1. Go through the stretch B:174-215 and report how many residues are under 18 Å from residue B:334 (Cβ atoms) and at the interface with another protein chain (Cβ under 8 Å from one of its Cβ atoms).
2. I'd like the full set of residues that are in a helix (DSSP H, G or I) and either touching a residue at least 24 places away in the same chain (Cβ under 8 Å) or not hydrophobic (A, V, I, L, M, F, W, C) (or both), limited to the stretch A:114-147.
3. May I ask you to list pairs of residues, at least six apart or on different chains, whose Cβ atoms are under 6 Å apart, with the first in the stretch A:49-75 being among the hydroxyl-bearing types (Ser, Thr, Tyr) and the second being part of a helix (DSSP H, G or I)?
4. Applying the selection to the stretch B:188-227, what residues are among the small types (Gly, Ala, Ser) and touching a strand residue (DSSP E or B) at 6+ places or on another chain (Cβ under 6 Å)?
5. Would you please name the residue that is modelled with the highest pLDDT, looking only at residues in the stretch B:515-539 that are more than 18 Å from residue B:124 (Cβ to Cβ) and charged (D, E, K, R)?
6. What's the number of the only condition in (1) in a loop (DSSP other than H, G, I, E, B); (2) facing another protein chain (nearest Cβ under 7 Å) that residue A:111 fails to meet?
7. Quick check on the stretch B:452-469. Is at least one of its residues within 16 Å of ligand 2 (Cβ to nearest atom) and either assigned to a loop (DSSP other than H, G, I, E, B) or touching a residue at least 40 places away in the same chain (Cβ under 8 Å) (or both)?
8. How about the stretch B:134-156: which of its residues are surrounded by fewer than 18 Cβ atoms within 10 Å (Cβ to Cβ) and more than 9 Å from every other protein chain (Cβ to nearest Cβ)?
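The values are calculated or read from the model by the stated rules, or taken from the named source; none is laboratory data. Note that this is a predicted model, so its numbers are computed, not measured. Here the Cβ positions follow ideal geometry from the backbone for every residue, glycine too, while neighbour counts run over all protein chains shown.
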Amino acid sequence: MWTQTQRTLLDAILDELVPPSNDGTIPGAGALGVADFLPTADAFAPNPVDTTQAVMMALGESFVELTRPEKVAALHLIEAQKPDAFATLVRLTYMGYYSRPDTRPLFGVGAHPIHPQGYPVPREDEALMDELTAPVRARGKVYRDAK
Amino acid sequence: MQNEPVDVLIIGAGASGAAIAWSLLETRMRILCLEQGPHLKDKGYPSRDDGYELARYGNFSCDPNVRGLKQDYPINADDSCITPVNFNAVGGSTINFLGHWPRMKPSDFRTRSLDGVGADWPVDYDTLAPFYDMNDRNTGVSGLGGNPAYPDYAPELPPIPIGKLGQTLAKGFNARGYHWWPSDVSILSQDHDGRQKCVNAGTCDLGCAAGAKGGTNFTYWPMLENAGVELRSECRVREILVDEATGFATGVLYHGADGQVHEQMAELVVVACNGVGTPRLLLNSKSKAFPDGLANRNGMVGKNLMFHPLTGVAGVFDEPMLGHEGPMACSILSQEFYETDPTRDFVRGYGLHSGRSTPPMTYALGGYGVDSPIPWGAEHREAMDNVYPYLAGLTVVSEDLPEEHNCVTLDPDLTDSDGIAAPKITYRLGDNTRRMLRHGEERAKEILLAAGAKKVLSKGDDNVWWRAGWHQMGTCRMGDDPVTSVVNGWGRSHDVKNLFIVDGSIFPTAGAVNPTSTIQAMALFIGDCIKTNIETLFD
Ligand SMILES: Cc1cc2nc3c(=O)[nH]c(=O)nc-3n(C[C@H](O)[C@H](O)[C@H](O)COP(=O)(O)OP(=O)(O)OC[C@H]3O[C@@H](n4cnc5c(N)ncnc54)[C@H](O)[C@@H]3O)c2cc1C
Ligand code: SF4
């Protein structure tokens with residue numbers, strides 16, 4: 001979908017929208033390949049490719065040469081100039097990034113499709129529930145009669 | 001095209017349509033239900049896909065304007081701070097509802113007498129209690145008996161786990177001396193009645209692929225279809241027909257799955273299309289006898305729309321709260337601030353709900369029901385790494401009061417895929433509600449801090465959640481006075497004696513609890529009244 005030059009630029013943008021963690025254990029959205037998701041996202045925004053390209057063109061190829069603070073400043077400028085396209089790109093980037101099974105565990109959530117496995121959560125035993133609800137029961141009735 | 005006439009025609013196969021069909025089974029009348037949506041395959045829910053959260057923003061969004069499927073009618077909510085959400089299929093909005101199952105309380109049925117606001121219901125809590133019980137048995141309800149916020153009743157199944165998040169918040173409520181209790185849920189905490197228990201997947205809005213949630217596609221409809229109730233899916237009712245001479249409903253015109261317009265005659269017509277769909281259908285059913293819409297001689301159809309406006313406050317704790325593990329909306333519920341207290345600057349009250357958290361995408365996009373993505377860049381990293389896993393939140397769910405200017409009308413331009421006029425919502429937040437929400441936010445902050453939160457995050461901007469029109473009530477209110485209400489005390493139209501309405505549009509007031517257990521209890525009650533009065537039903 002993207003030419004090599006476009007892809008380099010887009011990955012650099014995406015890596016600023018969702019940057020990697022400082023210790024490198026969590027990859028940024030560019031490194032993770034969110035660029036591949038964007039052309040498939042037409043169920044979530046009209047013309048995702050045109051929108052992405054509008055932001056890329058506004059930033060220009062030289063964006064990749066900038067230092068990180070300069071990149072952030074350039075992105076803020078485009079966010080102000082093209083708020084709708086920029087907001088759509090941010091939204092789609094989050095969707096592409098967090099819909100991947102390999103990112104969920106980085107935030108404590110299972111990689112698996114949520115059904116049929118779900119999560120094993122034990123029911124609180126009766127003693128714990130009794131202890132927790134004791135002060136509530138001790139106060140007694142808290143509803144109003146209506147007669 | 002004409003079909004063989006039936007005795008009872010129910011429009012809408014959601015929560016209320018299914019419940020009344022069950023109630024009328026024993027009459028042995030010929031019952032037909034027309035439903036505009038499809039019969040979804042149980043295994044086809046998006047929670048089985050790797051990228052399951054995406055469906056929340058596409059064809060499984062709770063917002064019909066986002067889904068935009070053939071069976072969805074668009075809703076113009078430009079003049080509202082809340083947009084109505086729903087699901088259109090066999091099971092209705094119980095396909096994507098969250099299964100939170102609190103009952104209304106005795107005072108909810110008497111707000112005019114007790115507090116001078118709203119309207120008293122023609123029925124009371126005690127009358128409805130056996131129907132709540134009956135509906136719970138048909139649905140499968142889990143919870144802990146002995147809740148001091150209610151007259152005595154006990155859910156059949158033990159509570160679902162409240163989890164680390166619920167336990168943490170419970171300690172905060174206890175520290176403040178406030179009421180809380182494990183939520184009653186129409187979700188199975190153990191295998192029951194041939195159905196599988198909940199697996200704590202946490203994405204109940206994407207349909208329950210386990211079949212553990214009390215959607216009528218899993219509860220009532222299998223029983224009904226076995227018992228011979230005819231269900232025609234992908235059939236959208238265009239208008240209800242009337243006999244100009246007698247003023248009785250004679251049947252409907254509907255767009256069938258075959259793309260043709262059909263006529264279906266019936267002795268008795270029951271409308272169960274939810275609080276926006278029902279007034280829309282009545283307003284679209286114009287005739288010489290009813291030029292302003294069916295059952296609308298007094299102009300009350302569509303008026304008094306109520307939601308449960310809500311806002312949320314979140315606490316950031318020291319340890320991960322595992323909030324994504326467990327049914328999405330249900331952990332614990334506090335009703336400390338539910339009843340009117342004259343020392344406050346508002347009447348009636350609200351509930352504090354501890355929902356659970358969502359998986360990371362929904363959080364990054366602003367949270368469930370909110371379109372406001374978190375910042376990009378360094379702030380994004382901070383929020384995802386140091387806030388998201390540690391969150392536990394409280395939602396303030398307020399009682400809305402009926403106000404005539406909040407209403408459903410027909411949009412002059414917008415139509416559905418069959419060219420039928422779409423509904424338009426006009427709604428603004430009442431001052432009483434605004435004060436209530438502010439009070440709730442302050443209490444929620446206190447409780448979160450008492451529970452050990454190191455930081456509390458609250459928008460504090462007076463905005464309610466946008467995609468939170470889950471509960472749609474009041475638009476065809478019931479009452480004894482034909483001048484101020486659309487149906488009588490047992491759901492029969494004052495104007496059209498063989499027309500009944502059974503969904504939340506008949507609620508005179510909204511309470512501050514999720515409405516479906518009350519909607520279905522009312523549908524069973526109305527079914528019972530129809531059976532009791534069968535000899536003189538149309539007098
Ligand atoms: C995301 C979400 C979460 C929710 N969570 C909860 C919760 O936790 N607890 C709770 O109590 N409630 C919850 N609700 C609300 C609950 O789903 C509704 O209160 C309940 O389903 C209403 O029942 P009903 O029969 O009035 O309407 P529905 O269940 O919506 O059924 C109406 C049916 O009528 C059909 N219909 C409409 N118009 C036509 C027509 N012209 N022709 C043919 N068919 C038509 C629709 O397609 C639909 O299937 C939630 C709702 C949503 C959307
Ligand atoms: S959390 Fe439980 S009720 Fe909700 S969808 Fe999963 S299995 Fe069903």
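1. The initial filter retains those residues of the stretch B:174-215 that are under 18 Å from residue B:334 (Cβ atoms), namely B:174-185.
Right, trim to at the interface with another protein chain (Cβ under 8 Å from one of its Cβ atoms) and you get B:174, B:177, B:179-182.
Total satisfying the criteria: 6.
2. Here is the first cut: in the stretch A:114-147, the ones in a helix (DSSP H, G or I) are A:126-139.
Passing the criteria: A:126, A:130, A:131, A:133, A:135, A:137, A:139.
3. Cβ pairs passing all conditions: A:51/A:85; A:51/A:88; A:52/A:38; A:52/A:89.
4. Step one: list which residues in the stretch B:188-227 are among the small types (Gly, Ala, Ser), which gives B:189, B:194, B:201-202, B:207, B:209-212, B:214-215, B:227.
Listed by number, the residues that qualify are B:189, B:211, B:212.
5. B:531
6. The number of the failed condition is (2).
7. Taking the stretch B:452-469 and keeping what is within 16 Å of ligand 2 (Cβ to nearest atom), we get none.
No, that holds for no residue.
8. Matches in the stretch B:134-156: B:137, B:145, B:152, B:153, B:154, B:156.
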